[in-house]
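Notes for the one structure printed next.
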Amino acid sequence: MDLREIGEFGLINRIRKWTSSSDPALLKGIGDDVAVIETGAKVWLVTTDLLIEDIHFKLTWTDPFHLGRKALFVNLSDIAAMGGIPKYFLISLGVPKNLSFSFLSSFYRGLKDGAKRFGVDLIGGDTSVSRKIIINICLIGEGKRGNLLFRSGARVGDDLFVSGTLGDAALGLKILQKKGLHAKPIGLTRKHFSPSPRIQLGQILAMHHWATAMIDVSDGLLIDTSHLLEESGVGARIWEDRIPLSKIYRRWIHSLSKSPYQFALSGGEDYELLFTAPPEMRKRILNRAFSFKIPITQIGEIVPKKEGLHLIRKDGREYSPSHLGFEHFKK
Ligand code: ADP
Ligand code: MG
């Protein structure tokens, strides 16, 4: 058996079974967007993410400033998904010896720009030579025990919401792959180069106890929904025509895919928040979203686990998706 058969998530599930901790301070280990460690009244949130040249980005269409900022933002998104406050980060780099110094100084300018915007401090890291660029950030945040949202809190009858619009970054990447940097659809490629971690929204949802469970959409709507469902022990129904699509996505999707929802359902790198909340919170959430200027859309509802994950087409027909989205090692 090799990794193609079990895939990234099969591997993580096995690693999870190999590890166990009896430390009562560890409120969450493997299985959520961050690990959660309690120290007195405070909890520490720890997360890490890896970006590898030619897997996650291509130098031909990535500038170092945006790469630096994005490396930080993808980690910030995991802190947002808990409702936490980001604080400190470490960065480890693998870099080829012929990489120019100006690339790295620009990369750190991007990092600094992102760090300043969200009030986080760089506190260390590690550096090594390597064949391709490898970027790993470990981000530390804080929160309060009662004010965190885990993947595991969804209950049957809850609404399922998502912030922003979906599929833009994946469609933007597809256009870059086909047409290179001169591709026109700026809004789509911008979302790919410069995601917006939803830190403030995450904190509001957690602090007011409006939501019951939350995850960030980093691998794709369906696959991240399935992680939330798995951890909560529930199923879900999603109405396809409620999935929020941007104007520019609608304009470009037809030239690149037969299915209008392909990238919104299974494309990655949206870095939006997917969360559940009881129906009595719906009005409050949508009102707050209106004043917040980030769209929030109810796209589905939570059902018993035995019903699994279903999509409902505009004509009312239901189907169970055969392909959830991108997974490392799998084709
Ligand atoms: P996210 O998409 O939110 O970054 P992942 O799908 O990467 O989350 O990871 C899911 C869970 O598995 C997290 O708790 C993460 O820390 C853990 N995890 C991922 N890879 C490994 C690994 N190689 N060893 C141990 N834990 C891992
Ligand atoms: Mg995540």
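Once C-alpha pairs closer than 8 Å and six or more residues apart are averaged by separation and normalised to the residue number of the chain, the relative contact order reads 23 percent.
Show which aspartates and glutamates lie in cross-link reach of Lys87 when reach means a straight Cα distance below 18 angstrom and same-chain residues fewer than eight apart are skipped. By straight Cα distance, Lys87 reaches Asp33, Glu38, Asp49, Asp78, Asp113, Asp121, Glu142.
Given their separation in residues at 0.36 nm each and the Cα-Cα distance between them, His182 and Asp126 gain 16.6 nm when the chain is fully extended.
Taking each of Lys247/Lys293; Lys191/Lys258; Lys70/Lys191; Lys132/Lys179; Lys28/Lys70; Lys28/Lys144 in turn, the alpha-carbon distance tops 18 angstrom for Lys191/Lys258; Lys132/Lys179; Lys28/Lys70.
Look at the alpha carbon pairs under 8 Å that are at least 6 residues apart: their mean separation over the length of segment 180-331 gives a relative contact order of 37 percent.
Estimated purely from DSSP H runs of n ≥ 4, each contributing -39500 (n - 2.57), the mean residue ellipticity at 222 nm for the chain is -11000 deg cm²/dmol once divided by its residues. Helix screen, the chain: no DSSP H segment has Cα axial length of 27 Å or more and mean Kyte-Doolittle hydropathy at least -0.5. Residue separation of Asn98 and His310 scaled by 0.36 nm, minus their Cα-Cα distance, works out to 71.3 nm of gained length. Sorted largest first, the principal axis extents computed over the alpha-carbon atoms of the chain equal 56, 55, 51 Å.
Quick note: the coordinates plus some simple rules give every number you see, no bench work behind them. Note that the structure is predicted; figures quoted are calculated from it, not measured.
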